[in-house]
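Heads up: the structure comes next, in C-alpha cells.
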Amino acid sequence: MKILTTVKKVVDVELNIHVENGAIVEKGLQYVINAWDENAVEAAVQLKEAHKAETTLVSLGSGDNTDMIRKCYAMGIDNAIHIDDPALAKADSPTFAKVLQKVYEAGDYDLVIAGKQAQDTDAGQAGIMLGEFLGIPCVSNVIEIKVTDDTHIQVSRLGDAGTEIVDVTLPAVVTVSDSINEPRLPAMRGIMMAKKKKITVMDLAGLGTSFEEIGGTAPASEVVEFMPVQKRKGGQKFEGDPADITARVVQLLVNEAKVL
Amino acid sequence: MTNILVVADIKQGVLKGSTAELLSKARALGAATAAVAVGSNVADLAPQLAAAGSDTQYIVDDPSLEIFSAAPFAAAVVDAAKAFSADMVWFGFSETGKAAAPRVAVQLEAACATEIIDVTMDGDDLHIVRPAIANKVLQKVKINVPKLVAVVRAGAFEADPEVTGTENVVTLDPPEKDMAAVVKELISDASGEIDLADADIVVSVGRGAKDQAGVDLVKALADDLAAGFGSSRAMVDAGLMAHNKQVGQTGKIVAPSLYIAVGISGAIQHLAGMNGAKVILAVNKDPEAPIFNVADFGIVGNLFDVVPLLKEEIKKIRA
Ligand SMILES: Cc1cc2nc3c(=O)[nH]c(=O)nc-3n(C[C@H](O)[C@H](O)[C@H](O)COP(=O)(O)OP(=O)(O)OC[C@H]3O[C@@H](n4cnc5c(N)ncnc54)[C@H](O)[C@@H]3O)c2cc1C
Ligand SMILES: Nc1ncnc2c1ncn2[C@@H]1O[C@H](COP(=O)(O)O)[C@@H](O)[C@H]1O
C-alpha cells in the first residue's frame, strides 16, 4: 500500500499573535508542523509498521521546510516531497487541494491521510476538497484506521450522532482528528538517519502545472484583513475560605451577572 | 435578491436552534430564504422550518438517509441549492456541516468558508468574518465568486422571535448511496442528556477531577443546574468522558450564558470552544491557571471542597 500524507508548516499557536494595521506581525512568530498533520504522519507510520505500507509526505508552501520534514523522517516517513513556490505563500484551501491533486496524480497512491484542519486557517477544507477533485471517497474527522485488505480500509469517524464505522474502497482520502493517536517522539537513531535522507523539492512548473492552472490567480475567496480578537479579561478571582468565597461568587452570579 | 438556503440541523429527529438563528440572520440581510431537511422521517419538520423563517422547504426524506453519510448528504443539499438557485448555502456548526460544506462548495463552484461569525453584503461586495489561528485572530474574507457555502459558528447569530416564514414544501428525490464509503454501523451517543450546543448553562470537567468519583461529583452539579455536561480533552483521553462531550477546537463549540470550568487549566484549544460564553466561572486550585485570565469569576480552591459548596449554595437560592 502506498500512503501520501499531507503536512503543512503553520504558525505556532501557543505563542502570542499580534495584529497591526490589518496584518499579522511577523516578528516573534515561530513555525511548526500542523498538530493534526503530526497525527496524520503518526497514522501513516503505524500503517507502515503493521502493513509494510510505503509512506510519502508532501508539504506545499514557500520557504524552508527542512526541519519539519526531517522530524517526520525521524518518525518513520520514507519519502518527502516539498512543493516550494513563492506563488503558494497566500494560497487558500481549494488552491492547496488542487496542488495536492497534481501530486497525487503524479504518484500511485492508495490512501491519502490529511489533517482535519490546518491550525493557521482553521478551515478544514483541503483534504475533503482533494477527495472531491479526485472523485474518490473521503471520510473526515477519523479516529481509527484499520486495513481490511489491499483495496479496503475500515475507519471510525466522529459524527454528530456518534461514531460512524465506515467501509471505504481505496483509493481514498481520510482526514484525521487529534484523537486518533499520540504522535511519537522520534528516537535518536531516527533523528540521525533523517539527516541523511533526501528531500524532493520542486516548484509548480516542476510538478507540471502553474498558478493559473490551479486557480490561484483568481481565488474564490481571499483574506483582506486580519483583526485582533476582542480578548476576554479575567474578572474577579477569589481566594480564601472555600465556603465563604463560594457563597460570594454564587451571589454575584445571581445578582450581578444574572445568569443563575 | 439574494437567495439563501439554510441546511436544517437535525439531531435525533429534533430541529436544533441553530436553524432558526441562521434563518433569522438571512432574513435580516433581506434575502429570500429556503431550508432543506435531509434525513429519514424529516418531512414532518416542514411546518417548524417555515415557522423558523423559511419560505420554501425542500425535503429529502428517505430511509437510506437514516445514518449520516457525507456524499449523499452533500448531493441532497446540492440538489436543493440548484432547485432554489441559491447564492448562499449556510450550515449550522456541526460535524455534518463541516463534512458536507467543502463538498457542496466544490460541486456548486462556490467559495467555502467555515466557522463564520458574520456576513456583510454591501452592494455586490460579500464579506465574511471568521476566527482563525486557534481563535487568536479574526479574518475578514472577501468572496470573489457569485456563490458561497458557509458553516456558521455556534452562537454567531440570534434567532429573532418575530421572524416566521411560509409553508411551501418541495419534495426532492433521494440521492444515490455512496458505494465507495459505506457506513455500516453507528455507535450512537444518544443518551437523553442535554445537548451541549443547546444548553443555557454548561458545566465542564477537567483533569483536576482525577477519576470517576470526581466526574460524578461535577456531573451532579450539572444535573442540579439542568446544565449540559462537557469535558476537556484530557478527560476524554483518560476514557472518563465520551468524545461527544469534548469542548474545544476539536470538539464542540458552545456559547452558553454561563460556562463553569471545573479543574480545567485553560489550554488555548479548550478556550477556542468556550470563549463565546457570556459568563465564565472557573474553579481551579492553581491561582496561576490560565483559565483565570478569561474567567469572569474565579474560585481558587480544591474542587472536591468547592463543588459540594456550590451545590449547596445553588440549592439555597433555588429553594
Ligand atoms: C490539535 C489539538 C487539539 C486539541 N483540542 C482540544 C479540545 O478540543 N478540547 C480540549 O479540552 N483540549 C484540546 N486539546 C488539548 C489541550 O491542549 C489540553 O491538553 C487539555 O485541554 C487539558 O485538559 P485539562 O485542562 O483538563 O488538563 P490539565 O491541563 O492537566 O489541567 C488540569 C487542571 O486542574 C487543576 N486541578 C488539579 N487538581 C485540582 C483540584 N483538586 N481542584 C481544582 N483544580 C485542580 C490544575 O491546577 C490544572 O489547571 C488539543 C490539543 C491539540 C494539540
Ligand atoms: N500547504 C499545505 N501543505 C500540505 N498539506 C496541506 C497544506 N494545506 C492544507 N494541507 C492539508 O489539508 C489539511 C486541511 O487544511 P485546511 O483546509 O487549511 O484546514 C491540513 O491539515 C493538511 O493536511
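Does the range A:23-64 hold any residues that are within 15 Å of ligand 2 (Cβ to nearest atom), over 14 Å from A:R184 (Cα atoms) and either more than 15 Å from the chain's Cα centre (by Cα) or among the small types (G, A, S) (or both), and which are they?
A:T55, A:T56, A:S59, A:G61, A:S62, A:G63, A:D64
Step by step: first the residues of the range A:236-260, then only those that are over 12 Å from B:I317 (Cα atoms) and small (G, A, S), then the one that is farthest from the chain's Cα centre (by Cα). Which residue is that?
Looking at the filtered set, the residue picked out is A:A243.
How many residues are assigned to a loop (DSSP other than H, G, I, E, B) and surrounded by 12 or more Cβ atoms within 10 Å (Cβ to Cβ) when one looks only at the range A:193-211?
Total meeting the criteria: 9.
Provide a single number: the residues in the range A:94-143 that are assigned to a strand (DSSP E or B) and surrounded by 20 or more Cβ atoms within 10 Å (Cβ to Cβ).
Within the range A:94-143, residues that are assigned to a strand (DSSP E or B) and surrounded by 20 or more Cβ atoms within 10 Å (Cβ to Cβ) number 10.
Conditions (1) of a type in the set (S, T, N, Q); (2) more than 12 Å from chain A (Cβ to nearest Cβ), marked per residue:
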residue	(1), (2)
B:A213	no, yes
B:D216	no, yes
B:L221	no, no
B:S231	yes, yes
B:Q249	yes, no
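Going through the range A:102-123 one residue at a time, which ones are more than 6 Å from ligand 2 (Cβ to nearest atom) and either away from chain B (no Cβ under 14 Å) or within 11 Å of A:L4 (Cα to Cα) (or both)?
Residues satisfying the conditions are A:K102, A:V103, A:Y104, A:E105, A:A106, A:G107, A:D108, A:Y109, A:D110, A:L111, A:V112, A:I113.
Need a quick list: strands (runs of 3 or more DSSP E) entirely within the range A:1-72 having at least 1 residues that are within 16 Å of ligand 1 (Cβ to nearest atom) and either buried (at least 19 other Cβ atoms within 10 Å of the Cβ) or not polar (S, T, N, Q) (or both).
A:2-6, A:9-11, A:31-33
Out of the strands (runs of 3 or more DSSP E) lying entirely within the range A:144-187, which hold 3 or more residues that are in contact (Cβ under 8 Å) with a residue 24 or more places away in the chain and at the interface with another protein chain (Cβ under 9 Å from one of its Cβ atoms)?
Correct list: A:162-169.
Would you mind finding the one in B:K142, B:K136 that is more than 28 Å from A:T163 (Cβ to Cβ) and in contact with a helix residue (DSSP H, G or I) (Cβ under 9 Å, 6 or more places away or on another chain)?
Going through B:K142, B:K136 in turn, just one is more than 28 Å from A:T163 (Cβ to Cβ) and in contact with a helix residue (DSSP H, G or I) (Cβ under 9 Å, 6 or more places away or on another chain): B:K136.
List every residue pair whose Cβ atoms lie under 8 Å apart, where the two residues are 6 or more positions apart in sequence or sit on different chains, the first residue falls within the range B:168-196 and is more than 12 Å from every other protein chain (Cβ to nearest Cβ) and exposed (fewer than 15 other Cβ atoms within 10 Å of the Cβ), and the second residue, located anywhere, is among the hydrophobic types (A, V, I, L, M, F, W, C) and part of a loop (DSSP other than H, G, I, E, B).
Note: no pairs meet the criteria.
Give just the number: which of (1) under 29 Å from A:A218 (Cα atoms); (2) within 11 Å of ligand 2 (Cβ to nearest atom) does A:M68 not satisfy?
A:M68 satisfies all of (1) under 29 Å from A:A218 (Cα atoms); (2) within 11 Å of ligand 2 (Cβ to nearest atom) except (1).
Any read-out appearing in this document is the output of simple, stated calculations on the displayed coordinates, not a laboratory observation. On a predicted model such as this, the values are computed, not experimentally measured, just so you know. Backbone-built Cβ (ideal geometry, glycine too); neighbour counts: all protein chains shown.
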